[in-house]
1. Please compute the modelled spin-label separation between Val475 and Leu272, points set 7 Å along Cα→Cβ, answer in nm with one decimal.
2. Taking R0 as 41 Å, what's the FRET efficiency between Asn389 and Leu174 from their Cβ-Cβ distance, rounded to 0.05?
3. Using a 1.4 Å probe and ignoring any ligands, DNA or RNA, find the accessible area of Lys246 and quote it in Å² to the nearest 10.
4. Please report the carbon-and-sulfur percent of the accessible area for segment 14-59; probe 1.4 Å, protein heavy atoms only, DNA, RNA and ligands left out.
5. Heavy atoms only, 1.4 Å probe, whole protein assembly: order Arg40, Arg443 by accessible area, highest first.
6. Straight-line reach from Lys279: which aspartates and glutamates fall under 12 Å, measuring Cα to Cα and dropping same-chain residues less than 8 apart?
7. For segment 329-408, what does the alpha-carbon gyration tensor say about shape, rounded, prolate or oblate, given a ≥ b ≥ c as the root eigenvalues, a/c under 1.5 as rounded, and a/b over b/c as prolate?
8. How much length would be gained if the chain were fully extended between Gln218 and Gln371, taking 0.36 nm per residue of separation minus their Cα-Cα distance, in nm to one decimal?
Amino acid sequence: YGGPAGGMGLELEPLFQAWSYFRRRKFRECSDLCSQLLERPPGEQAAWSLKTRALTEMVYVDEIDMDEEGIAEMILDENAIAQVARPGTSLKLPGTSQGGGPSPAVRPVTQSGRPITGFVRPSTQSGRPSTMEQAMKTPRTALTARPITSASGRYVRLGTASMITNPDGPFINLSRLNLSKYAQKPKLAKALFEYIFHHENDFKNALDLAALATEHAQFKDWWWKVQIGKCYYRLGLYREAEKQFKSALKQQDMVDTILYLAKVYLRLDQPLTALNLFKQGLDRFPGEVTLICGIARIYEEMNNISSAAEYYKDVLKQDNTHVEAIACIGSNHFYSDQPEIALRFYRRLLQMGVYNCQLFNNLGLCCFYAQQYDMTLSSFERALFLAENEEETADVWYNLGHVAVGIGDLNLAYQCFKLTLVNNNDHAEAYNNLAVLEMRKGRIEQARVLLQTASSLAPHMYEPHYNFAILSEKVGDLQRSYTAAQKSEEAFPGHVDTQQLIKQLKQHFAML
């Protein structure tokens, strides 16, 4: 196979060899071999098609999971949406928890007001911060809702990176292509479309090709309609994309098309329409994991945690190795004060072969709260060893600080929070907790500075505002205390201590 066999020099036919490389996912070798074939006089269509497919596969990103809403998309979004949506119908104003989920006092929330999820996805990393300044200021991408810098910029970088690998310039010069000629050859057109869409990220040319090919297929090919929908989605024309996906669904019922259409509705901030779409899809594809998971994600984003947990359990009935579902149920149990049950879910992930910093971090916390102290430190040690970047290391040190506070070793806690800030200078929670420790030592000025830093980094957290209000009240600066208490109430309206403080301050002001 590919070399001399039994002493006889049996060489594989080069095109077959290239196809074999492609099948074994050795795309670089496949592409090089196709280039050699194309240099020979009759430039073969098969080699050309195979090379386009190999180059596409190198940078292929599944469009269903790609959902990064960058700052540019947020600010330049021209879709008008009702300013005051009814509670429970919008993802931008999730409102208070309808599903009896944990309060912000128990479960930290992101900048857009949702409890943090148990599994980081592209869509959880972006949200709707109330102002542009806030969006730019909040720096922690995975744990808050700061939008990533524009997604389109990222796609362009992917394209330019692939150009560097080709010293002779691009493999296909798009400006010289006769698209209508290729549109009449369906087999070549599909490979070419994927190349333009994924490798070159040129959605306009891809759209032109898809439109010509649909016309050639007399509007009977559902695949082309889906591709046109994908181009419209990337170009921000959501209503046009919706029409194409619906038309494709009429011709051919496909799970992928349902998922694309749901993405359109979510971007248009119509979560209830997306939920209905998923539920109709489940009638036609009973037990389809991606659809059940889609419903669970929407409920989670709408702050309806109990419904989300139910659907994640349904996911596990169909696929008991679904990492996202196990992680989300585990985190839900942890924040519902059931660390022992959460521990079982995280152990299940460990048995499945998931081996990363986040998992050991969560195991360490579960062991601590389940009073299995022998395992706690070894889990955190493993987490520190596996941390891939400074943000992850910072989170592990922050949790170690929590453990230290729990066992009453305040000096160790102080060191841990300091180490958190060494690794991640924007860790608002660590600033807040350090301030509390400084207050206990009587260093009022340091505590005040730390709290101001924390509240400017994470205006959506109520703790720094509340602590600042308490501190100012003790020092006698009632005006500052009142302002901070109001911010705390805005971030967490149900916080009883804040309400009592505001009441006290109002009495003081009345006496003055």
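1. If labels sit at Leu272 and Val475, their model points lie 4.8 nm apart.
2. 0.65
3. It works out to around 90 Å².
4. Taking all protein chains in place, segment 14-59 shows 51 percent carbon and sulfur surface.
5. Per-residue accessible area, sorted high to low, gives Arg40, Arg443.
6. Glu288
7. It comes out oblate by the Cα gyration axes.
8. Fully extending the segment from Gln218 to Gln371 adds 48.4 nm.
The values are calculated or read from the model by the stated rules, or taken from the named source; none is laboratory data. Keep in mind it's a predicted model, so treat the numbers as computed, not measured. With ideal geometry, Cβ positions are generated from the backbone for all residues, glycine too; neighbour counts draw on all protein chains shown. For the accessible areas, the whole protein counts, side chains as well, though only heavy atoms, and no ligand, DNA or RNA atoms are used. Shrake-Rupley method; radii C 1.70, N 1.55, O 1.52, S 1.80 Å.
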